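Trainee: Okay, here's the structure, questions in a sec.
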Amino acid sequence: MKENINRKERNLEKTRELILRTAAEEFSEYGFSGARVDRISRNAGCNKAMIYYIFKNKHELHLAVLENLFEEKIREVESHFREEKTSLTDLFPMLAGYLKVFFNNPAYARIILYDIATGAETLRELKQRRPDLFSELDTIADMLDGLGRAGIIRRLDPDKSVTVIVLLVVGLANILPHMDLIASPGTRKFKELSNQDKWLAFLADVLAVILQPSKPDGCGEQ
């Protein structure tokens, strides 16, 4: 009896994961207003009633998709938060972790942009329900502030710096699949612009230049 219950729970969890993946593609392509539960049900190959059984309604499904994204993001970077940051290069693995999540799941970046473009109501509700999913932004700001005070990096407004980093990550993840707008497919330029690792290295170089501590002016005696 217990084995049957465990099997049902495992099957239900697999179905939930399948629905979330399918719904992510639906919301990323059509936004919340244009998304259809009928289409999600058909593409996931599951009964529409099962979607409502697990998620109650389309709004809760949308919230669950975003929640799943943020949980994956935290899993990818949480180990970097436990490590002490003593140099500028210590920040790069954390940035790479964020980029990896969105590069590997471009649908998530589009869902976030869709929600922001329509008022960010779902993101605000998610933050109210799960403030822990957003807390790492404050942690990153504190890290930047601490490194700035120690003279390790240039002292910039940490909250604005985090905002710019988020914009870079989400924006780049959105445009990366569409590099054919900039370069012809098959060309060397297209391959360079579509290479995730090269973008990671480039962003690391850009941040190194921006955050490099200012050198004092040479005004000593001759």
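Trainee: Could you work out [θ]222 nm for the chain from helices alone, using -39500 (n - 2.57) per DSSP H run of at least four and dividing by all its residues? Round to the nearest 500 deg cm²/dmol.
Mentor: -24000 deg cm²/dmol, from helical runs alone.
Trainee: When the chain is fully extended, how far beyond the present Cα-Cα distance does Glu9 get from Val206, taking 0.36 nm per residue of separation? Numbers along the way, then the final one.
Mentor: Values: separation 197, 0.36 × 197 = 70.92 nm, distance 4.73 nm.
Result: 66.2 nm gained on full extension.
Trainee: Using a Gaussian network for the chain with springs between C-alpha atoms less than 10 Å apart, which of these wobbles most: Ala35, Ala173, Ala183?
Mentor: Largest GNM mean-square fluctuation: Ala183.
Trainee: Here's something else I'd like to know. Rounded to the nearest 20 debye, what is the charge dipole size of region 64-211 about its Cα centre when +1 sits on each Lys and Arg Cβ and -1 on each Asp and Glu Cβ? Mind showing how you got there, number by number?
Mentor: On the way: 18 positive and 22 negative charges, 93 e Å.
The calculation lands at about 440 debye.
Trainee: Taking the Cβ-Cβ separation of Thr163 and Lys56 as r and a Förster radius of 35 Å, what is the calculated FRET efficiency to the nearest 0.05? Walk me through the numbers before you get to the answer.
Mentor: On the way: r = 33 Å, r/R0 = 0.95.
Once rounded, the FRET efficiency stands at 0.60.
Trainee: What's the extension gain from Arg154 to Ile116 if we count 0.36 nm per residue and subtract their Cα-Cα distance? If you can, show how the numbers build up before the last one.
Mentor: Details: separation 38, 0.36 × 38 = 13.68 nm, distance 3.01 nm.
Stretched out fully, the Arg154 to Ile116 stretch lengthens by 10.7 nm.
Trainee: Another question, then. What Rg and what Dmax come out for region 135-174 when only alpha-carbon atoms are used, in angstroms?
Mentor: 10.9, 35
Trainee: A further question follows. Remind me, relative contact order of the chain in percent, using alpha carbon pairs under 8 angstrom and six or more residues apart? If you can, show how the numbers build up before the last one.
Mentor: Details: 172 pairs, mean separation 41.7, N = 222.
Over the chain, the number comes to 19 percent.
Trainee: Could you list His62, His178 so that the one with the fewest beta carbons within 10 Å of its beta carbon is first and the one with the most is last? Please list the in-between numbers first.
Mentor: On the way: His62 25, His178 10.
Sorted ascending by nearby Cβ count, the order is His178, His62.
Trainee: Can I ask one more? For region 1-78 and region 91-136, what is the centre-to-centre distance using only Cα atoms, to the nearest Å?
Mentor: Taking the Cα centre of region 91-136 as reference, the centre of region 1-78 is 17 Å away.
Trainee: Taking 0.36 nm per residue of sequence separation and subtracting the Cα-Cα distance, how much length would be gained by fully extending the chain between Asn104 and Ser135, in nm to one decimal?
Mentor: Details: separation 31, 0.36 × 31 = 11.16 nm, distance 2.27 nm.
8.9 nm is the gain from fully extending Asn104 to Ser135.
Trainee: Going down the table (Lys73/Lys189; Lys100/Lys127; Lys100/Lys160; Lys14/Lys127; Lys127/Lys198; Lys14/Lys58), which pairs top 24 Å between alpha carbons?
Mentor: Beyond 24 Å between Cα atoms: Lys73/Lys189; Lys14/Lys127; Lys127/Lys198.
Trainee: Using a 10 Å cut-off on Cβ atoms, rank the peptides 199-206, 16-23 from the highest mean neighbour count down.
Mentor: Details: 199-206: 14.8, 16-23: 18.5.
So the peptides 199-206, 16-23, ranked by packing, come out 16-23, 199-206.
Trainee: Can you find, among Ala49, Tyr114, Tyr98, the residue sitting farthest towards the positive end of the charge dipole of region 18-140, where Lys and Arg contribute +1 and Asp and Glu -1 at Cβ?
Mentor: In region 18-140, that residue is Ala49.
Trainee: While we're here: Largest first, please: the extent of the C-alpha atoms of region 64-211 along each principal axis, to the nearest Å.
Mentor: Principal extents (Cα only, largest first): 46, 37, 25 Å.
Each reported figure results from applying straightforward, stated rules to the coordinates on display, with no laboratory input. Note that the coordinates shown come from a computational prediction; the quantities given were computed from them, not determined experimentally. Every residue, glycine among them, receives a Cβ derived from its backbone with ideal geometry; neighbour counts consider all protein chains shown.
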